[in-house]
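One structure below.
The values are calculated or read from the model by the stated rules, or taken from the named source; none is laboratory data. Fair warning: this is a prediction, and the values are worked out from it, not measured in the lab. Every residue, glycine among them, receives a Cβ derived from its backbone with ideal geometry; neighbour counts consider all protein chains shown. Side chains included, ligands, DNA and RNA excluded: accessible areas come from the protein's heavy atoms. Shrake-Rupley method; radii C 1.70, N 1.55, O 1.52, S 1.80 Å.
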Amino acid sequence: MSGTAQSTVGPLAEIHDATTASGAAALFGFVGVGADRRHALGEAALTRTCLDQLVRLFGPEAGKPSRTLLKDWAADPWTATTDDRRPAGHPLTSARSWIAGPWRDRLAVAGSEVSAIAPGYLAGAVDAAERAVSEVIARLMAPADQD
Ligand SMILES: Cc1cc2nc3c(=O)[nH]c(=O)nc-3n(C[C@H](O)[C@H](O)[C@H](O)COP(=O)(O)OP(=O)(O)OC[C@H]3O[C@@H](n4cnc5c(N)ncnc54)[C@H](O)[C@@H]3O)c2cc1C
């Protein structure tokens, strides 16, 4: 079953083959359910609903995994704030400057979200990082202020 599946019936919107390099079979899916609904459902019910969906797609064996792992980043205390519980959608390209005022010439932002070509993606991370490095080099090479 190597490959990918798209589904609109069940919590998993996009499912990928996540078989390990050593050949241990695994399926991975993105949960397309909002944070509040995930919280209300609870981990056990959400996992069961995901497994029911995998059974519909791949057959009964998919309903008896040796292990399941659910990682809810919006509930991760080291990563998320309450703002992350609100669905924000995927970042869009924007011509606006991310930094205004006195910080504009002092701060370089390298996160994927600020990319002008692929925000929120790995390609955007490379693009944003290259631009940030160029900005820093240009500032270091610029003649120092006389004041
Ligand atoms: C589950 C998942 C699947 C994805 N799938 C895809 C995909 O298929 N294709 C795709 O193109 N993109 C995908 N993405 C998006 C992609 O991974 C990100 O857009 C990209 O990794 C962002 O890169 P970044 O360098 O901007 O930030 P990050 O990769 O998040 O790097 C930021 C780094 O800063 C570190 N950090 C944070 N705070 C501090 C601090 N205070 N001090 C020091 N270090 C700090 C973090 O630990 C982290 O290592 C996926 C993302 C997720 C979460």
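Here are the numbers for this structure:
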{"item": "Residue satisfying all of: in region 92-147; charged (D, E, K, R) and away from the ligand (no atom under 16 Å from the Cβ); surrounded by the fewest Cβ atoms within 10 Å (Cβ to Cβ) among these", "result": "D147"}
{"item": "Of all residues making up region 68-78, the number that are more than 9 Å from the ligand (Cβ to nearest atom) and either surrounded by 10 or more Cβ atoms within 10 Å (Cβ to Cβ) or assigned to a helix (DSSP H, G or I) (or both)", "result": "6"}
{"item": "Residue within region 94-101 that is assigned by TED's automatic domain parsing to the domain that holds D17 and among the charged types (D, E, K, R) present", "result": "no"}
{"item": "Boolean, G89 is open to solvent by less than 60 Å² (accessible area, probe 1.4 Å), free of Cβ contacts under 8 Å to residues at least 12 places away in the same chain and out of contact with any Ser or Thr (no Cβ under 8 Å at 6 or more places or on another chain)", "result": "no"}
{"item": "Selection count, region 16-46, where residues are within 17 Å of D76 (Cβ to Cβ) and either open to solvent by less than 50 Å² (accessible area, probe 1.4 Å) or not in a helix (DSSP H, G or I) (or both)", "result": "8"}
